[in-house]
Amino acid sequence: MQVIVTVIGTDKVGIIAQVTTKLAELNVNILDVSQTIMQGAFTMMLLAKLPEGAEFGAVKHDLQTLGQEIGVDIKIARQEIFDAMHKL
């Protein structure tokens, strides 16, 4: 299953490292990534593929927990849901 992960928060050292390390621990493959800093606000959006048999709810929980620990907002959505929500 492909997913969209968004990370938003105040910029600080290590956000990308911590998020991508957690994804690697969960065997999530990053397919594409974009990140920028806008006036001190860190934003990252990535397209990723969950491993076969992974439970979406468990991955979501792990990422949200990490977000709380490092002080950023991490959201994850199934790609088909994300695409449907953002159609013009």
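Only the coordinates and a few stated rules stand behind these numbers; no lab work does. Here the structure is a predicted model, which means the values were calculated and not measured. Cβ sites come from the backbone with ideal geometry, for glycine too, and all protein chains shown count toward neighbours.
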Quick check: residue separation of Asp73 and Phe56 times 0.36 nm, minus the Cα distance between them. What number comes out in nm?
4.4 nm
Set the Förster radius R0 to 22 Å, insert the Cβ-Cβ distance between Lys49 and Glu25 as r into 1/(1 + (r/R0)^6), and round the FRET efficiency to 0.05.
0.90
About the Cα centre of the chain, what is the dipole size in debye to 20, counting +1 per Lys and Arg Cβ and -1 per Asp and Glu Cβ, all else neutral?
140 debye
Please list, by residue number, every one of the trypsin sites (Lys or Arg not before Pro) in the chain that is coil in DSSP and has at most 15 other beta-carbon atoms within 10 Å.
Lys12, Lys87
Which one, His61, Leu23, Thr36, projects farthest toward the positive side of the charge dipole computed for the stretch 2-85 from Cβ point charges (K/R +1, D/E -1)?
Thr36
At most 16 other Cβ within 10 Å, DSSP loop - GluC sites (Glu not before Pro), the stretch 4-70
Glu52, Glu55
Answer with a single label: of (1) 17.3, 53; (2) 12.6, 40; (3) 15.9, 47, which was calculated as Rg and Dmax of the Cα atoms in Å from the structure in view?
(2)
